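So the structure is just underneath, and the comments pick up after that.
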Amino acid sequence: MLSLRTKIQKNSTLLWCVSVDYVIGSDKDTFLGCNFHYLNPRFRAILLDKLTAKIGGSMPNWSKLSKIREIAPTVKRYRFDHIDKKVIQIKEDEKEMAIFLPLERFRKSSKSAVWSDSKGRFWNGI
């Protein structure tokens, strides 16, 4: 396990919180994450492949990532002081498996409704 605050400020990484997040940016108080659980499993795989192709081994560049259509409904900003759970870095060779873990828990909608909304958002370019 690792401290979210110290690791995220150092580099891009795939993390497990309550969801699987790919950290695509951070500043002093917040980080920007790509939340795979907003997409159904098929589109999670597509997005991970596209993220990996755009980023490679380097730091994320938002101008490149913003061109990935599927990323739009998944990007959220989080405050470090709102994270009250341990965070685990997911190893490079475990990313493919981690994005398929059934971690999606939505309070006001079903997962199929959230996934449908997300699909509509990236197909309509919103």
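Here, each number is a calculation from the coordinates, and none is a lab measurement. Small disclaimer: the values here were computed from a predicted structure and weren't measured. FYI the Cβ positions are ideal-geometry reconstructions off the backbone, even for glycines, and counts take in every protein chain you see.
Met97: net charge of surrounding residues, Cβ under 13 Å, Lys/Arg +1, Asp/Glu -1, itself excluded?
Values: positive: Arg44, Lys91, Lys95; negative: Glu92, Asp93, Glu94, Glu96.
Here the count lands on -1.
Average the reciprocal distances over every distinct pair of alpha-carbons in segment 70-126, invert the result, and give the Kirkwood radius in Å. Could you put the intermediate results ahead of the total?
On the way: mean 1/r = 0.0719 Å⁻¹.
After inverting the mean inverse Cα-Cα distance, the result is 13.9 Å.
For Lys50, a cut-off of 17 angstrom between C-alpha atoms picks up these aspartates and glutamates, skipping any fewer than 8 places away in its own chain: Asp21, Glu70, Glu92, Asp93, Glu94, Glu96. Could you tally the net charge around Asn61, taking each other residue with its Cβ under 13 Å from the Cβ of Asn61, Lys/Arg +1 and Asp/Glu -1? Once positives and negatives cancel, what remains is +3.
If packing is taken as the average number of other Cβ atoms within 10 Å across a peptide's residues, how do 65-77, 34-46, 108-120, 81-93 rank, most packed first? Before the final figure, lay out each step's value.
Values: 65-77: 16.9, 34-46: 19.5, 108-120: 13.5, 81-93: 11.9.
Put in order of decreasing packing, that is 34-46, 65-77, 108-120, 81-93.
Could you tell me which of the pairs Lys76/Lys111; Lys85/Lys119; Lys28/Lys76 are separated by over 19 angstrom between their Cα atoms in the structure shown? Violating the 19 Å Cα-Cα cut-off are Lys85/Lys119.
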